[in-house]
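Engineer: Mind looking over this structure? Questions follow.
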Amino acid sequence: MRKLALSDEILLQVEQPARYIGNEVNSVMKEKSKIDIRFAFCFPDVYEIGMSHLGIQILYGMFNKRENIWCERVYSPWPDLDRILRDQKIPLFALESQDPIHEFDFLGFTLQYEMCYTNVLQVLDLSGIPLRSESRTEEDPIVIGGGPCAYNPEPIAPFFDLFYIGEGETVYDRLFDVYLENKKTGGTRRDFLLKACQIPGIYVPEFYEATYREDGTLSSFLPVVPQAPKRIEKQVVMDMTNATYPEAPVVPFIKATQDRVVLEIQRGCIRGCRFCQAGMLYRPTRERDVERLKELADCMMKSTGHDEISLSSLSSSDYRQLPELVNHLIDYCQTHGVNISLPSLRIDAFSLDVMSKVQDIKKSSLTFAPEAGTQRMRDVINKGLTEEVILDGAGKAFEGGWNKVKLYFMLGLPTETEEDIRGISHLAEKIARRYYEIPKDQRNGKCQITVSTSFFIPKPFTPFQWAPMNKGHQFLEKASLLKSQIRSELNQKSIRYMYHEADVSVLEGFLARGDRRAADVIQRAYEKGAMFDAWSEYFKKNAWMEAFAQTGVDLDFYTTRERELSELLPWDFIHIGVSRRFLEREWEQAKKETVTPNCRVRCQGCGANEYQGGVCYEDQN
C-alpha cells in the first residue's frame, strides 16, 4: 500500500496539502521491481506553477511509455513545508511513489526562468544531494538541466552533471540506453558522463574550462577531455505532427495557474522580434497538422474533464490552419460548455471572423503586445506593427464584443527616448478612444484597459545580447514617468498601469548573461535565505547584494556594459541553428531602425534552414 511521506499532522499544518500527496487523475503508478531507471522531474517552483507547464507533461508521458522507466514529479516545497522538512529532517520526495529523491537515478530540472535558480539549490539541498556536481558520489542521482535557460547554462553549470540542449523529445531515449549499458557493465558515474557528452545536445560542464582576461571578459572556453565536442548542437523535433504529446495529462487536485487543456499548435515563430529569445531558440517554425490537433483536443478534453482549452504558440495568429481548427473547437465547446482561450495573438492578424465565432462563449480579457509606444521604437525591435494596424485590430476586437484589453510593453529598450516612453501612454489612450467610437448601444459596458510594462532584459541568442541594460533606478524613473503620463490622459479612469519589479529585472539580467563566476553568487544568496525570487513577498534583495559583495562579483559588469561584437560570450559554444552573423546583422539593423520582414514574406537568412524543414521549406511542400 502506498504510504504518504508526510503525516496527517504535517499536512494539516501547511497551506494547500494537496500539493504534496500525488495520486492525481492520470498520474502514472508503476511497480518498482520492474523498473530499471527512476527519473524525478522537477519544476523548481510551487506545484500550481509547475503543473501548468506543458513541457513536463510531454516528457512525463514520453518517459513513462517505456516500461522500464518510471518518471515521477517533484516541485519546490512552499516555505511553510520547507521549514518543516528542514526542522524534522524529512527528505524531499516524489509525488507518485512518495520516495526520497535521493533514491532516484536521475533528477531533471526544467529551467524556464532565471529567477528559479535558488529553488534548484533548495530542491538539491532538501533531497540530500550535494549542491555542486564535483562533490557528488556514485550514490547520488545524475542531475540534468534543460529548457530555455539551459541555452546559457554557465551561471548554474557547477550545480549540474549535464545539460540537455534542445527539445526533449529527441535524444533522451539514447541517453537512457547509454545509462543502462554503463550500469550493466559496471561503469562509474564519470564513465557515464564521458559517454553522455558524445551524444548530440548533451553538455557536461565538468569537461570544459573557461579562462578570463584581465578585464573580466571571457578569453577561452574549451573542452578538457577528447570525448567532449567543442560545439554543442541544439536538438530539434522536425515532425511535430507525429511527435509525442500527452493525450491524458495529469489533472491537479487544486486549481493550477493554467487550469485547462493546452494544445500546442506549432513551435517557433516567424516574426523575428529582436528582444525575443524564444523566437530565436525555437526556429524554424513547425506546425502540427490540423487533423492531429483535432484528435488531441477531443482526446484530452475527455481524459481530463477541463472546462477550457487553450491554443499554445508563440504567435497563434500565424498558424495557417487556425480558422479550421477554431471551427472544430467551436462545435465541441458550444455543445459541452467549454471555453476557448486564444493567447499569443498578433493584433494585426486577429481575424474578425474567428472573433465572431467565439464571442458567444465565455470571454476573458484580450491580450495584445505592441511592446513599444512609438513607431520608431517598434522598428528598432522589429515588431512589424504600425499604429494604424494596432488601432484597427483593437477596433475589431471591440466590435467583436470585448471590452477588456491588456496591453504589454517594455521599458528600457535599446535607443529608448523619453518620447518613446510617453508614446506608450498616447497609444493606450488612442485604443481607449477607439472603443468609444463604437455606437453606445453596441458597446459591452465600460472599456477597461490595463497597461503592463516589463523592463527590458537582454537575453542570449538574440540580436540584443550585446546591448546594455538599465540600472534599477533608471527603470523606476521611466516607470514613474509613464505613470504620471497615464494619469494625465483624458480617459485615465479607463486605463490602469502595472509594472514589473526593477530589482528582480536587474538580477534576471545578471543571471541571463552570466558566466560560471555567477554560481558563487547564486549559492551564497541561497545560503543567506534567497528562494522563490520570482515571488515579490519572498524576494530578498539584501541577500543578493551581500552575496555580490562577499564574492567580489561586479553586477554592472554583467548588466549595464555593452558587449563588443568581437567578445567571446559564455554561450557561444552552443549552436542553435541561428547564426551569430545573423544576430550581429540584426543588431546593426536595430541601430538603423530598419525592419526585417518575417519568414513568410522573405527568408531572413538566419541559418535555421539547416534543419531542412518547417517554414524554411514550406514552398517545397
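The values are calculated or read from the model by the stated rules, or taken from the named source; none is laboratory data. Worth saying up front: this structure is predicted, and the values here are computed from it rather than measured. When we count neighbours, we look across all protein chains shown, and the Cβ atoms used for this are built from the backbone with ideal geometry, even at glycine. Surface accessibility is based on the protein's heavy atoms, side chains included, excluding ligands, DNA and RNA. Shrake-Rupley method; radii C 1.70, N 1.55, O 1.52, S 1.80 Å.
Engineer: Residue check, V326 against (1) out of contact with any Leu (no Cβ under 9 Å at 6 or more places or on another chain); (2) at pLDDT below 90; (3) not in a loop (DSSP other than H, G, I, E, B), all met but one. Which one?
Structural biologist: The number of the failed condition is (1).
Engineer: Answer yes or no: is there a residue in the stretch 449-463 that is open to solvent by 70 Å² or more (accessible area, probe 1.4 Å) and at pLDDT 90 or above.
Structural biologist: To start, the set of residues in the stretch 449-463 that are open to solvent by 70 Å² or more (accessible area, probe 1.4 Å) comprises none.
No, the stretch 449-463 contains no residue that is open to solvent by 70 Å² or more (accessible area, probe 1.4 Å) and at pLDDT 90 or above.
Engineer: Collect the residues in the stretch 198-207 that are open to solvent by 10 Å² or more (accessible area, probe 1.4 Å) and closer than 15 Å to A150 by Cβ, keeping them in residue-number order. First the steps, then the outcome.
Structural biologist: Filtering the stretch 198-207 for residues open to solvent by 10 Å² or more (accessible area, probe 1.4 Å) gives 198, 200, 206.
If the condition is that a residue be open to solvent by 10 Å² or more (accessible area, probe 1.4 Å) and closer than 15 Å to A150 by Cβ, then P200 is the only one that fits.
Engineer: Looking at V123, V143, which one is touching a strand residue (DSSP E or B) at 6+ places or on another chain (Cβ under 6 Å), among the aliphatic types (A, V, I, L, M) and assigned to a helix (DSSP H, G or I)?
Structural biologist: On the way: V143 fails: assigned to a helix (DSSP H, G or I).
Only one candidate qualifies: V123.
Engineer: May I pose another question? Given the criterion under 30 Å from K541 (Cβ atoms), touching a residue at least 12 places away in the same chain (Cβ under 8 Å), in contact with a Lys or Arg (Cβ under 6 Å, 6 or more places away or on another chain) and not in a loop (DSSP other than H, G, I, E, B), identify the matching residue among A157, A150. Break it down into steps so the answer makes sense when it comes.
Structural biologist: Working: A150 fails: in contact with a Lys or Arg (Cβ under 6 Å, 6 or more places away or on another chain).
After ruling out the rest, the residue left standing is A157.
Engineer: Something else: Condition (residue is in contact (Cβ under 8 Å) with a residue 40 or more places away in the chain, assigned to a loop (DSSP other than H, G, I, E, B) and open to solvent by 30 Å² or more (accessible area, probe 1.4 Å)) applied to the stretch 163-183: is it met by at least one residue?
Structural biologist: Yes: the stretch 163-183 contains one or more residues that are in contact (Cβ under 8 Å) with a residue 40 or more places away in the chain, assigned to a loop (DSSP other than H, G, I, E, B) and open to solvent by 30 Å² or more (accessible area, probe 1.4 Å).
Engineer: Right, something else. Among the residues of the stretch 253-268, write down those that are of a type outside the set (K, R) and not in a loop (DSSP other than H, G, I, E, B).
Structural biologist: First, pick out the residues of the stretch 253-268 that are of a type outside the set (K, R): 253-254, 256-259, 261-266, 268.
Those that are of a type outside the set (K, R) and not in a loop (DSSP other than H, G, I, E, B): V261, V262, L263, E264, Q266.
Engineer: Out of all the residues in the stretch 112-132, which are open to solvent by 20 Å² or more (accessible area, probe 1.4 Å) and of a type in the set (G, A, S)? Don't jump to the end; show me each part of the working.
Structural biologist: Looking only at the stretch 112-132, we keep the residues that are open to solvent by 20 Å² or more (accessible area, probe 1.4 Å), and these are 112-113, 125, 128, 130-132.
Matches in the stretch 112-132: G128 only.
Engineer: Here's something else I'd like to know. Just name the residue that is surrounded by the most Cβ atoms within 10 Å (Cβ to Cβ) out of those in the stretch 590-621 that are of a type in the set (S, T, Y) and not in a loop (DSSP other than H, G, I, E, B). Don't jump to the end; show me each part of the working.
Structural biologist: Initial filter on the stretch 590-621 (of a type in the set (S, T, Y)): 594, 596, 611, 617.
Restricting the remaining residues to those that are not in a loop (DSSP other than H, G, I, E, B) gives 611, 617.
Numbers: Y611: 17, Y617: 13.
Once the filter is applied, the top-ranked residue is Y611.
Engineer: Something else about it: Which residues, taken from the stretch 222-252, are aliphatic (A, V, I, L, M), open to solvent by 60 Å² or more (accessible area, probe 1.4 Å), assigned to a loop (DSSP other than H, G, I, E, B) and farther than 30 Å from D298 by Cβ?
Structural biologist: Residues of the stretch 222-252 that are aliphatic (A, V, I, L, M), as a first pass: 222, 224-225, 228, 232, 236-238, 240, 243, 248, 250-251.
From what's left, open to solvent by 60 Å² or more (accessible area, probe 1.4 Å): 222, 224, 238.
Within this subset, residues satisfying the condition of being assigned to a loop (DSSP other than H, G, I, E, B) are 224, 238.
The answer is V224, and nothing else.
Engineer: Looking at the stretch 67-83, can you tell me whether even one residue there is farther than 25 Å from F539 by Cα, modelled with pLDDT of 95 or more and surrounded by fewer than 20 Cβ atoms within 10 Å (Cβ to Cβ)?
Structural biologist: Yes, the conditions are met somewhere in the stretch 67-83.
Engineer: Please go through the stretch 329-356 and pick out each residue that is within 25 Å of the chain's Cα centre (by Cα) and at pLDDT 80 or above.
Structural biologist: Here is the first cut: in the stretch 329-356, the ones within 25 Å of the chain's Cα centre (by Cα) are 339-350.
Within the stretch 329-356, N339, I340 meet the criteria.
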